[in-house]
Amino acid sequence: MASLTWRNVIVSGMGVLTDGYNLYSISLTSFFIPSSFTFSSAELGLLVAGSYYGAAIAALLFGLLADRIGRKRIYGFDVLIMAIGAGLQAFSQSYLELFLARLILGVGIGADYVLSPVIVAENAEGRNRGKAMVVTFAVMWGLGAVIAAFVEQMGLLAHLPATLLWRVVLGMGAIPAISVFFLRRKIYETMLFVSRVNPEHQDVSKIEQELGKPLPKAKDTTPFLRRLSSSALLIVAASVLWLLYDMYSSTFAIFGPITIASNLGLSPIEFTYVAQFFAGIPGQLICIYLVDKIGRKPLIVIGYAGVALWLFAYSLLLEDPRIFGLPEAQLSVSKLVGEAAILGFSFYMLNYLFSAIGPASIIGSAMVTPELVPTKVRATSQAISVSVDRLATALNITAFPLLLSHYGLGAMVGFYAGIALISTIITLFVIPETKGQELEKVVKERNVGEGL
């Protein structure tokens with residue numbers, strides 16, 4: 001079973017790497033796109049959020065299909081759509097064409113955010129499911145962001161003109177998507193979908209041969225809508241938790257290389273490398289080591305406590321450096337300088353580290369919903385979470401440039417610190433611990449519906 005688990009991690013992880021590349025590359029190229037097209041700050045927010053709107057639309061369709069006809073039959077088409085969207089970006093001749101390409105790209109990303117977490121979760125053993133999902137999502141997404149920064153750096157070193165550079169960086173996102181299409185079309189149906197939803201599936205014999213033993217089968221005969229309604233509270237809680245996480249995380253991921261990096265005196269590429277190698281990856285390694293040992297809830301709570309503390313400190317620094325014994329002159333035109341820049345850099349990196357230890361690696365890995373609901377409605381439940389999250393995040397990203405100009409970076413960072421505190425409360429009181437448990441056992445212990 002271990003080989004089946006980690007083979008799915010690789011196949012799914014390559015798609016997530018593509019997600020990370022394509023979602024992050026738009027922030028790196030936003031400096032160069034105006035060399036080709038003219039648009040306002042509001043239109044920039046809409047362009048950056050375009051893939052999120054596409055994801056919100058597509059997720060529900062792919063979730064319902066995955067629960068009805070299976071995960072395997074549609075897996076791979078998500079990355080194919082991503083490749084088409086990414087490729088079209090490179091040939092866009094107007095702002096509208098680029099926005100539409102981002103929408104198409106988002107359709108593929110939305111489908112992948114539904115399918116990949118479900119497939120990895122349903123093929124993983126309870127004792128290592130946490131680390132499998134963190135590697136698939138948190139690690140591979142971050143790697144995709146680093147690759148996007150590296151591609152842009154190579155373009156700058158090659159002295160590509162701005163009008164060509166952004167097209168190359170965005171268009172290169174099609175390559176990892178295409179590379180994994182055929183691998184995804186060849187995987188087996190998931191063990192849980194076969195055993196709980198379709199025991200007559202043609203892949204049963206292949207899975208049993210892989211496992212070296214018969215696959216237990218217990219078809220779930222409870223009606224779909226009854227299963228879905230009985231899981232409604234947890235679906236809502238998980239959706240809100242992911243929505244709140246992405247309100248600050250996706251905003252920082254998209255605008256961090258633009259706004260935060262500028263505030264700290266770093267280039268977008270420098271910011272990406274430092275954030276990932278000095279905070280993101282160390283935090284992910286800590287999470288991988290602990291997630292199946294101490295559980296999801298403690299890591300989320302510890303992580304969010306750190307996020308809230310360091311973002312609040314960063315917010316205070318931006319509002320008045322004198323609070324930390326620094327002269328007000330070290331905040332010049334909303335840009336930290338001197339000792340204030342060093343202190344701000346430290347606060348932001350500590351926030352990034354604690355986020356990677358908990359919320360970014362667990363909530364951001366789409367781990368919550370797939371672990372809490374029955375197999376029969378798992379993809380649809382995940383799709384609801386994805387659609388709610390992507391739509392809310394898209395609206396937030398669209399509005400961020402306007403909110404930033406109106407309220408300032410300090411107030412926005414303080415607002416996101418508050419989000420971290422609210423998310424801690426939801427985690428503590430609503431989300432059950434799933435460490436070490438097989439997925440169907442989690443559902444049975446919650447007594448969801450009848451017939452389990």
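The values are calculated or read from the model by the stated rules, or taken from the named source; none is laboratory data. Computed from a prediction, not measured in an experiment: that's the story for all the values here. All Cβ positions, glycine included, derive from the backbone under ideal geometry; neighbour counts span all protein chains shown.
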Query raised in the report: Looking at this structure, is L192 within 20 Å of the chain's Cα centre (by Cα) and modelled with pLDDT of 90 or more?
Result: no
Report task. Using the structure shown, decide if S231 is over 30 Å from T259 (Cβ atoms) and crowded, with 20+ Cβ neighbours inside 10 Å. Result -> yes
Query raised in the report: Quick one: what pairs do we get from the stretch 28-45, first residue closer than 18 Å to T272 by Cβ, second of a type in the set (S, T, Y) and surrounded by fewer than 21 Cβ atoms within 10 Å (Cβ to Cβ), C-beta under 9 Å, 6+ apart or different chains?
Result: F32/T163; I33/Y95
Report summary line: Residues in the stretch 263-301 that are in contact with a Gly (Cβ under 6 Å, 6 or more places away or on another chain) and part of a helix (DSSP H, G or I) total 5
Query raised in the report: So how many residues does the stretch 252-271 have that are surrounded by 21 or more Cβ atoms within 10 Å (Cβ to Cβ) and either more than 19 Å from L336 (Cβ to Cβ) or among the basic types (K, R) (or both)?
Result: 2
Report task. For the stretch 80-101, state whether one or more residues are surrounded by 24 or more Cβ atoms within 10 Å (Cβ to Cβ), outside any helix (DSSP H, G or I) and either more than 20 Å from the chain's Cα centre (by Cα) or on the phi < 0 side of the Ramachandran plot (or both). Result -> no
Requested in this report: Taking the options L143, L156, name whichever one is surrounded by fewer than 22 Cβ atoms within 10 Å (Cβ to Cβ), within 27 Å of I300 (Cβ to Cβ) and among the aliphatic types (A, V, I, L, M).
Outcome: L143
Query raised in the report: Quick check, is G110 within 16 Å of the chain's Cα centre (by Cα) and buried (at least 24 other Cβ atoms within 10 Å of the Cβ)?
Result: yes
Query - Subset tally (residues that are touching a Pro at 6+ places or on another chain (Cβ under 9 Å), over 13 Å from T380 (Cα atoms) and either part of a helix (DSSP H, G or I) or free of Cβ contacts under 8 Å to residues at least 24 places away in the same chain (or both)) for the stretch 220-233 - result: 1
Query - Only one of L343, L395, L372 that is surrounded by fewer than 24 Cβ atoms within 10 Å (Cβ to Cβ) and in contact with a strand residue (DSSP E or B) (Cβ under 9 Å, 6 or more places away or on another chain) - result: L343
Requested in this report: Would you mind finding the one in V180, V194, V146, V139 that is in contact with a helix residue (DSSP H, G or I) (Cβ under 7 Å, 6 or more places away or on another chain), part of a helix (DSSP H, G or I), within 30 Å of T38 (Cα to Cα) and not polar (S, T, N, Q)?
Outcome: V146
Query raised in the report: Looking only at the stretch 157-171, which residues are of a type in the set (A, V, I, L, M) and free of Cβ contacts under 8 Å to residues at least 60 places away in the same chain?
Result: L157, A158, L160, L164
